[in-house]
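Engineer: Just dropping this structure here.
Read-outs: derived from the displayed coordinates by stated rules, not from any lab. Here the structure is a predicted model, which means the values were calculated and not measured. Here the Cβ positions follow ideal geometry from the backbone for every residue, glycine too, while neighbour counts run over all protein chains shown.
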Amino acid sequence: MSTVVSIENVSREFRKYYQRTFKEFLTDRHAKNFNKVFMALENITFQVKDGSTLGLLGRNGSGKSTLLKIISGVLTPSSGQVIRPVSTAALLELGAGFQPEMTGLENILLNSSILGRSRKDTELVIDDIIDFSGISEFIDTPVKFYSSGMYARLGFAIAIHTDPELLLVDEILAVGDGPFQKKCLDRIKEMQNEGRSIILVTHDIGTIQNFCDAAVVLDKGKVIAQGDTKEAIDAYHALP
Amino acid sequence: MSGQLKKRGPTVTLVPAGRSSGVFKDFKDLLSAKELLTALVSRELAGKYKGSFLGLGWTLIRPLVMLFIYSVVIGEFLGASRSIAQFAIFVLVGLLFWNLISDSINVGAVSLTTNSTLLKKVWFPREVLPLTSFAVATVHFLVQIIVLVFAYLLFSSWPNVQNLLYLLPAVLIVFPVAFGMSLIFSVLNVRFRDTQYIVEVGLVLGFWLSPIVYPWNFAHQFLASLPFGWFWQQLYLLNPFGLVVMAVQQALWPPIATAAGSAYQFFDSPFATRLWLSVLASWVFLYVAQRIFVRMAGTVVVDL
């Protein structure tokens, strides 16, 4: 099986010191910790096999979400590189870029184009999106009147219908109520069967066991274990 | 929905900021995002006037009020129309282009900070956001042309068709300089929030340092009377937007070709040369601006 995503020696540092105004920049330039950096990720290297699902496991602050953002392209790496398919959908923040004044339907078209899908392609799946979100009754209502649950449902429905080769998922289980969660998980299973590759960030062992073919465990920005899920889970439990 | 995944598509290589693969690659990426641009522009336009009765018609109100102020208050009360024929059209022409410039830069400068939620969550060519500001300002500009046509009808005089050629260099300066400045100011504003206020003040200064409400030769004569007069004159003419305003007055202000406009005739061949050199410089500027933008935009997300 070939590789769909290749993460090569990726590091990411953040400045510890932060200044907002030009005056602060001038006056604090010589402060002791001005140039101190914090390594969020250090020399991460791993591959994702075509059509497989990889779990990213780690505690809070281990760098999982930072890595996912680098793979999506929202953050650039400080060094190293990531090779991934152009056709990638990220379920990082659902409904990012929704325009409150616009209706659900208008936002479907807008959001799909933000996610890189052409208008023509979107129109083909628009009924599926509305159907999946389960809010067809309110699709002509401006989204500012939506509840947070409706907001997330619509966001999820749009993202999942962009026909991606690679899907990046951060903590899917936080979406919606029980039945909708089940629907999401079923849909992700379906996408696996369709041969799409998935990278899934979680700190839930159950999700890893149910969904993943392989897993990578991160701790303090470093890979401490990678390989099959059982080994990874053991390594995760062995963390102090 | 789409069922079985058909085949493997192209891949992208994500590298550290500043190691971009060149301006042509970036341009191609920007082109591929044209649907997003269209969507964002209609979002801005629809969002701005949603729930208002006049809608996009509101964009006509400002130039109409300006037209009133400059033709009646400045033109008649202050007497400016005694030295400049068809003073209202003279001002309106410069004003329409100035609004295009200042709106696109003012909104462009905050385009990254106001869309922070989008930037933090989705990847797309970041140039799209400043470009959206320019496109939105262009739409308003095109609507406001109606006011100009209205003013021509009012004075029942029309510009010389041949002179319209001057619009070409004007447009070729406005786009690269306004878009380029939006690129630079938008990334700077993420780092230093002072930028947007400096830009605001700078644009007010730019308005009065461009020959919009006074003819260029008024400033020219005064500057000549100063010590090192030639130097100040040249400095004044370095302002690309000043040149744009002069070019569009040449194109769109009817008295330019008649005796009534003779007080304003300076458009000899050095001006045309200057204009085209300025076009060249503007595109070089846009190139540099894009390089700076790419270098900084990769890291700004952290600061948002």
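Engineer: Compute the helix-to-body angle for B:269-303: its Cα long axis versus the longest principal axis of chain B, expressed 0 to 90° and rounded to tens.
Structural biologist: 30 degrees
Engineer: Tell me, what HN-Hα J-couplings in whole Hz come from the Karplus equation 6.51 cos²θ - 1.76 cosθ + 1.60 at θ = phi - 60° for each residue of segment A:179-188, using x for Gly and Pro?
Structural biologist: x, 5, 4, 5, 4, 4, 5, 4, 5, 5
Engineer: Please give the length that would be gained between B:Tyr49 and B:Val302 if that part of the chain were fully extended, namely 0.36 nm times their separation in residues minus their C-alpha to C-alpha distance (nm, one decimal).
Structural biologist: Working: separation 253, 0.36 × 253 = 91.08 nm, distance 3.21 nm.
Gain on stretching B:Tyr49 to B:Val302: 87.9 nm.
Engineer: Report the per residue volume, in Å³, of the convex hull enclosing the C-alpha atoms of the protein assembly as shown.
Structural biologist: Working: hull volume 96.8 nm³, N = 544.
Spelled out: Cα convex hull of the protein assembly as shown, divided by residues, is 178 Å³.
Engineer: Separate question: Give me the log10 of I(q) over I(0) for segment B:46-97 at q = 0.20, 0.25 Å⁻¹, as the Debye formula computes it from C-alpha points; what are the numbers?
Structural biologist: Summing over Cα pairs of segment B:46-97 leads to -0.68, -0.86.
Engineer: Let me ask something else about it. Once fully extended, how much extra length lies between A:Asp140 and A:Thr3, figured as 0.36 nm per residue of separation less the alpha-carbon to alpha-carbon distance? Walk me through the intermediate numbers first.
Structural biologist: Working: separation 137, 0.36 × 137 = 49.32 nm, distance 4.22 nm.
So the extension gain works out to 45.1 nm.
Engineer: Using Cα pairs under 8 angstrom and six or more residues apart, how large is the relative contact order of chain A, in percent? Mind dumping the intermediate values first?
Structural biologist: Values: 421 pairs, mean separation 65.0, N = 240.
Relative contact order of chain A: 27 percent.
Engineer: Okay, moving on. Just the number, please: percent antiparallel of the DSSP beta bridges in segment A:3-237, rounded to the nearest 5.
Structural biologist: Numbers: 19 of 38 bridges.
So the antiparallel bridges amount to about 50 percent of the total.
Engineer: Let me know the volume per residue of the alpha-carbon convex hull for segment A:3-237, in Å³. If you can, show how the numbers build up before the last one.
Structural biologist: Details: hull volume 33.8 nm³, N = 235.
Looking at segment A:3-237, the number lands at 144 Å³ per residue.
Engineer: Residues with amide H under 5 Å of A:Ile198's amide H, sequence separation 5 or more or different chain, H placed in the peptide plane at 1.01 Å from N; which?
Structural biologist: A:Ser52, A:Thr53, A:Leu54, A:Leu167
Engineer: Quick one: angle between helix A:119-133 and the longest Cα principal axis of chain A, in degrees between 0 and 90, rounded to 10, please.
Structural biologist: Helix A:119-133 sits roughly 80 degrees off the main axis of chain A.
Engineer: For segment A:41-180, take the alpha-carbon Rg, divide it by the Kirkwood Rh, and send me Rg/Rh.
Structural biologist: Numbers: Rg = 16.2 Å, Rh = 16.3 Å.
Here Rg/Rh amounts to 0.99.
Engineer: Among A:Lys64/B:Lys120; A:Lys120/B:Lys25; A:Lys64/A:Lys220; A:Lys69/B:Lys25; A:Lys64/B:Lys121; A:Lys120/A:Lys182, which pairs are too far apart, with a Cα-Cα distance over 20 Å? Let's see the in-between values first.
Structural biologist: Values: A:Lys64/B:Lys120 16 Å; A:Lys120/B:Lys25 25 Å; A:Lys64/A:Lys220 10 Å; A:Lys69/B:Lys25 22 Å; A:Lys64/B:Lys121 15 Å; A:Lys120/A:Lys182 30 Å.
Check vs 20 Å cut-off fails for A:Lys120/B:Lys25; A:Lys69/B:Lys25; A:Lys120/A:Lys182.
Engineer: Using θ = phi - 60° and the Karplus form 6.51 cos²θ - 1.76 cosθ + 1.60, what ³J(HN,Hα) does each residue of segment A:64-77 get, whole Hz, x for Gly and Pro?
Structural biologist: Result, rounded to whole Hz: 4, 5, 4, 4, 5, 5, 5, 5, 6, x, 5, 10, 9, x.
Engineer: Okay, next question. Peptide B:112-123: average number of partner chain Cβ atoms within 10 Å per residue? Mind dumping the intermediate values first?
Structural biologist: Details: counts 0, 0, 0, 2, 0, 5, 6, 3, 6, 11, 14, 11.
Per residue, the average neighbour count from other chains is 5.
Engineer: Modelled label-to-label distance, A:Leu239 and B:Trp230, 7 Å Cα→beta-carbon offset: nm?
Structural biologist: According to this spin-label approximation, the distance is 7.3 nm.
Engineer: What angle, in degrees between 0 and 90 and rounded to the nearest 10, separates the Cα long axis of helix B:167-191 from the longest principal axis of the Cα atoms of chain B?
Structural biologist: 50 degrees
Engineer: Report the normalised scattering of chain B as log10 I(q)/I(0) at q = 0.07, 0.11, 0.15 Å⁻¹, calculated by the Debye formula with identical scatterers on the alpha carbons.
Structural biologist: Reported log10 I(q)/I(0), two decimals: -0.32, -0.75, -1.24.
Engineer: Long-range amide H contacts for A:Glu13: which residues qualify at under 5 Å (H placed 1.01 Å from N, peptide plane, sequence gap of 5 or more or a different chain)?
Structural biologist: Under 5 Å from the amide H of A:Glu13: A:Ala40, A:Ser78.
Engineer: Subtracting the Cα-Cα distance from 0.36 nm times the residue separation, let me have the gained length for B:Glu200 to B:Thr38 in nm, one decimal. Could the numbers behind the result be given before it?
Structural biologist: Details: separation 162, 0.36 × 162 = 58.32 nm, distance 2.67 nm.
Length gained, B:Glu200 through B:Thr38: 55.6 nm.
Engineer: How big is segment A:138-210 on each of its three principal axes, counting only the C-alpha atoms and giving the largest first in Å?
Structural biologist: Taking max minus min along each principal axis of the Cα atoms, segment A:138-210 gives 38, 25, 18 Å.
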